[in-house]
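Just below is one structure, and these are the notes that go with it.
The values are calculated or read from the model by the stated rules, or taken from the named source; none is laboratory data. Owing to the predicted nature of the structure, the values given are computational and were not obtained by experimental measurement. Cβ sites come from the backbone with ideal geometry, for glycine too, and all protein chains shown count toward neighbours.
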Amino acid sequence: MTTDHEDGDINPFLPTVHPLKIFDAAKSQGRFLYACAPMVRYSKLAFRQTVYHYGTDLCWTPMVLAKEFNRNQVARDSDLTISSSGPQPHTIVQFGSNSPTELSHASSLAAPWVSGVDLNCGCPQSWACAETLGAALMEKRELVRDMVVETRSRLEADGWDVGKEKHVDSLKGRSVSVKIRVHKDLRKTMDFITTVIGNPHNRNVDWLTIHPRTRSTPSTSPINLEALSILTEKFGPQLPILVSGDVFTLATLPYTSHLLDSLPIFTSKAADTTPSTKPYIPKLAGLMSARALLANPALFAGHETCPWEAVDVFLNKVARAPLPLKLAVHHINEMCGPGYGPDKRALLSKKERMKLNECGSWIDVLDYLDEVRKEKDGGGNGMRRYA
Ligand SMILES: Cc1cc2nc3c(=O)[nH]c(=O)nc-3n(C[C@H](O)[C@H](O)[C@H](O)COP(=O)(O)O)c2cc1C
């Protein structure tokens, strides 16, 4: 784990808010909980801080392999970075694991620094499935149950409060959750969730994130709304459910909910004003976004496209929580592209983004951005200082 704080100091930025309290707060504000998805390579500290700045409530780390994390200090330092001197987003560390011992041990190591731990049961990549990680776990419901049960008892033995609603006000409250895909035969998903939850009055997981695609559905196909509707109807009364998939803008979600009523009226021409034929999903608690947040970290603040200001916020965060240059440039490229909403206005043209990609140093990147923004501002207040 990387942090700039001395051992023994009392660090005011360590997590003290139970994630379920954040779910409650969103609900009492009459809105969905907003989450940044786990994204290998991308959902690192500077990016998490950027989306947090724009109202994202809970931020997932990229999937971290529990086995490596347990055995290797370098893996711990590079895979989990938290901020001890600035805004510390409410962070959920996601692990890839297929072993109760490995998951519970990794969770024990990470628990002081994060609000909760999550198990990836959705990664469809062949290398992961070959090692019974990610989506392969959707065929191993008892194993998943054993992993979350052992993790919960290990955290409890370490002194963390893992009693869910009972500990919602505890400063030492920690959550255990899972992120899943669905099966082609939805009855298998029902069995999976029922097994993993266990006793609904003392469930094994704090909440569930559902990515309503099967292991083999490409991300270009729309999410399975019928599956989402059925699963939230059945399990929503038992625990909070987040949906992951196709959260592109708040104005163009493919379903409706009373938790969208409190949103400001969107001014976009693209916003749907015709009577809705979309399914009403009343028992959904939150929205998790991956690709669209990458392209527009200000999505949950109601921006339909990425504002320049969000690029500035990201650059400021990256100055304090560095990323490799190529990775940071990729982020900027995503933010300056046409994004995932219906409004395809981009901050930079394709040609300008290609030029940005050619930058070989931070000085080149900042100079280039200053230059193009100056041109776009008509030579006005183009110069901006990042730091
Ligand atoms: C670049 C990238 C990396 C991802 N890495 C992870 C990961 O580490 N763990 C995980 O559970 N899902 C991962 N996913 C899946 C997303 O969390 C999410 O479930 C999926 O992209 C659907 O959401 P979207 O339509 O908002 O993109 C990743 C997706 C992308 C695009």
Somewhere in segment 104-118, is a residue within 16 Å of the ligand (Cβ to nearest atom), β-branched (V, I, T) and buried (at least 20 other Cβ atoms within 10 Å of the Cβ)? yes
Within segment 300-312, how many residues turn out to be in contact with a Ser or Thr (Cβ under 6 Å, 6 or more places away or on another chain) and either in a helix (DSSP H, G or I) or within 13 Å of the ligand (Cβ to nearest atom) (or both)? 1
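Would it be correct to say that D206 is acidic (D, E), away from the ligand (no atom under 14 Å from the Cβ) and surrounded by 21 or more Cβ atoms within 10 Å (Cβ to Cβ)?
Working: acidic (D, E): yes; away from the ligand (no atom under 14 Å from the Cβ): yes; surrounded by 21 or more Cβ atoms within 10 Å (Cβ to Cβ): yes.
So D206 passes the test.
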I'd like to check something: does segment 53-69 contain any residue that is on the phi < 0 side of the Ramachandran plot and polar (S, T, N, Q)? yes
Restricting the first residue to segment 156-180 and requiring it to be closer than 30 Å to T214 by Cβ, which pairs with a second residue that is of a type in the set (G, A, S) meet a Cβ separation below 7 Å and a spacing of at least six or different chains? S175/S115; S175/G116; V176/G116; S177/G116; K179/G122; K179/S244; I180/G122
Filter segment 123-145 for residues that are more than 16 Å from the ligand (Cβ to nearest atom) and either of a type in the set (G, A, S) or under 15 Å from R203 (Cβ atoms) (or both) and give the result. A130, R141, R145
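What residue, among those in segment 55-76 that are in a strand (DSSP E or B) and β-branched (V, I, T), is farthest from T16 (Cα to Cα)? Full working, then the answer.
Here is the first cut: in segment 55-76, the ones in a strand (DSSP E or B) are 58-65.
Going one step further and asking which of them are β-branched (V, I, T), we end up with 61, 64.
On the way: T61: 18, V64: 22 Å.
Across segment 55-76, the extreme among qualifying residues is V64.
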So, in segment 334-370, how many residues would count as being more than 21 Å from V247 (Cβ to Cβ) and either within 20 Å of the chain's Cα centre (by Cα) or charged (D, E, K, R) (or both)? 9
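Quick grid of which residues meet (1) more than 16 Å from the ligand (Cβ to nearest atom); (2) closer than 16 Å to E226 by Cα; (3) aromatic (F, W, Y); (4) at pLDDT 95 or above:
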site: T273; (1), (2), (3), (4): yes, no, no, no
site: T277; (1), (2), (3), (4): yes, yes, no, no
site: K283; (1), (2), (3), (4): yes, yes, no, yes
site: L287; (1), (2), (3), (4): no, no, no, yes
Qualifying position, being more than 16 Å from the ligand (Cβ to nearest atom) and at negative phi, among K164, K184, K179: K184
